[in-house]
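So the structure is just underneath, and the comments pick up after that.
The values are calculated or read from the model by the stated rules, or taken from the named source; none is laboratory data. From a predicted model like this one, the values you see are computed outputs, not experimental measurements. Note that each Cβ is placed from the backbone with ideal geometry, even for glycine, and that neighbours are counted across all protein chains shown. For the accessible areas, the whole protein counts, side chains as well, though only heavy atoms, and no ligand, DNA or RNA atoms are used. Shrake-Rupley method; radii C 1.70, N 1.55, O 1.52, S 1.80 Å.
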Amino acid sequence: MGGVNMADTRPAPHRRLLGAAAGPRGLLLAIGIGVALRLIAIAVIDAETVNLHEFGTIGHNIVDGHGFSYHAVGPDGTIQTDGARGDATLLTGPRLPSAFLPPAYTAVVAGAIASVGGHVATVHLLQLLNLAVAVGATVLMHRLGRLLGGSVAGTAAAWGFALYPPLIYAATQVSAVNLYLPLEMAVILALLEAARRTGLRATVVAVTVAAVTLGVLCLFRSEAIILAPVAAVFLVLARRRYRRGRAALAGALVLCLALVLPAAWIVRNNLVLDRPVLTITTSGGFNLWIGNHDGATGSQKRYATPAATEQAIARLPVTDGYEVDLDGLYRSEALRSILGDPLGTAVRDLGKLAMMLGADVHDSRATHPLYLGSWAVLLVLGIGGLVTARRRGPVRWLLLGQLAVALAVPTVFFALARHRLGVEFVLLLYAGAFLARFAARGPAAAAPTAVPAPASPGRDEPAAR
């Protein structure tokens, strides 16, 4: 052996650890610990205090035979809204048809109410669903992380999803974010699969899967409909870059199929609301107003309603089109504020962006030391990954696009802590890639003394020029 120390050929301890972490055992351990932490959080948080929000109001109305409705007409002819904790049984009088929320998660909550009845049991059932979905989301993070930075990066991203405090807390709550966040990951993976397919049949199948997943996402999160044209443009550009062929067909197909489910719900809205409706929900104007009107803080947690607006709302006629009229009033107020004071709007938008990148000072949960500390660590590691990432092309395009949309929507509408989860899961992926590269540094294992063979470029490394 020419005096070579055989002990020098063994992998360094940290490299052996990384190799083990990158395998199936590392992912399974991350899933197990993630589930355990979420179970502990569920046990600690009193289910009685968990709010069903508007999902519960509409869900109770569905179960009670009132249909998809949110507002009720009181004995005096005035409009009633949801009761405590989203319990529509506290309302009286006839219900008005609604499209206040996207239908998918509302139907999930209605199913939970119908299955178990009481508030605490309903919350626990939905929390168990959150646990199951979190397992799937951890696997999706692992898959995305592998595409971004290799097997170790994938496992690191899975661990990040399992351990990140805001994601653990989210699993204890009745919120659509628990379902639409994994759907956003699934859309990204499905689009990447559609971009790499070559044969006509394989391309059509992959594009159809991506489109249907995106359509389902739109029924959980109405603003996701803007991703349909984005997905079409992505497929055209990605397939042309890699000479996959049929780029225009793939783009047109994903755009058309992704809009089928949202379009069906929009048709329903037009039929029951007695007004022309072009959106999935009738709360877009209200959401715009929350972050854009006189007295708005930019946060959903604290905003003032001017007396003139309250008086205008009180004068609205009580009809099946009440929600459409109400949303139009809010939209008009918001646009008046935006167009009448562009500088003030820009300052307010910067404030919303600052709250998304820092902390919403109007939300006590967002200023908790654990929340702020974990966000600060993630921000540093995620930016490190963004700066040092080697991967270019479709994976990076989609993740940066997700990052841009996740920041743009709150900046236009309003800041809310759970909206940042769309930013955080992307940063978790880049943080995983950064940690994997950092941990893999160090002196390479010694090799036997020999003339080295000429190096050839790897799959992800360009040849020297």
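Here are some notes:
- Positions within the range 1-28 being at pLDDT 75 or above and crowded, with 17+ Cβ neighbours inside 10 Å, in sequence order: GLY26, LEU27
- VAL409 being in contact with a His (Cβ under 8 Å, 6 or more places away or on another chain) and either under 21 Å from VAL236 (Cβ atoms) or open to solvent by 10 Å² or more (accessible area, probe 1.4 Å) (or both): yes
- Residue in the range 120-143 that is in contact (Cβ under 8 Å) with a residue 60 or more places away in the chain, closer than 14 Å to ALA433 by Cβ, within 17 Å of the chain's Cα centre (by Cα) and crowded, with 19+ Cβ neighbours inside 10 Å present: yes
Here is a yes/no grid of residues against (1) without any contact (Cβ under 8 Å) to a residue 12 or more places away in the chain; (2) in a helix (DSSP H, G or I); (3) within 13 Å of LEU192 (Cβ to Cβ):
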residue	(1), (2), (3)
THR213	no, yes, yes
ILE225	no, yes, no
ALA228	no, yes, no
VAL233	no, yes, no
ALA238	no, yes, yes
GLY245	no, no, no
LEU253	no, yes, no
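- Residue satisfying all of: in the range 291-308; in a strand (DSSP E or B) and out of contact with any Gly (no Cβ under 6 Å at 6 or more places or on another chain); surrounded by the fewest Cβ atoms within 10 Å (Cβ to Cβ) among these: ARG302
- Where a residue in the range 274-290 is more than 21 Å from LEU219 (Cβ to Cβ) and surrounded by 21 or more Cβ atoms within 10 Å (Cβ to Cβ) and its partner, wherever it lies, is hydroxyl-bearing (Ser, Thr, Tyr) and at pLDDT 95 or above, with Cβ under 6 Å and at least six apart: TRP289/TYR330
- For the range 87-116, the tally of residues that are modelled with pLDDT under 85, surrounded by 22 or more Cβ atoms within 10 Å (Cβ to Cβ) and not in a loop (DSSP other than H, G, I, E, B) stands at 1.
- Output for the range 144-175, where each listed residue is open to solvent by 10 Å² or more (accessible area, probe 1.4 Å), closer than 24 Å to PRO102 by Cα and not in a helix (DSSP H, G or I): GLN173, SER175
- Failed item, numbered, when ARG396 is tested on (1) open to solvent by less than 50 Å² (accessible area, probe 1.4 Å); (2) part of a loop (DSSP other than H, G, I, E, B); (3) not hydrophobic (A, V, I, L, M, F, W, C): (2)
- Unmet criterion (only one of (1) in contact (Cβ under 8 Å) with a residue 40 or more places away in the chain; (2) part of a helix (DSSP H, G or I); (3) open to solvent by less than 30 Å² (accessible area, probe 1.4 Å); (4) touching a Phe, Trp or Tyr at 6+ places or on another chain (Cβ under 9 Å)) for GLY328: (4)
- Flag for ILE338 being assigned to a helix (DSSP H, G or I), β-branched (Val, Ile, Thr) and surrounded by fewer than 18 Cβ atoms within 10 Å (Cβ to Cβ): no
- Subset of the range 205-235 [in contact with a Lys or Arg (Cβ under 9 Å, 6 or more places away or on another chain) and closer than 15 Å to VAL260 by Cβ]: VAL207
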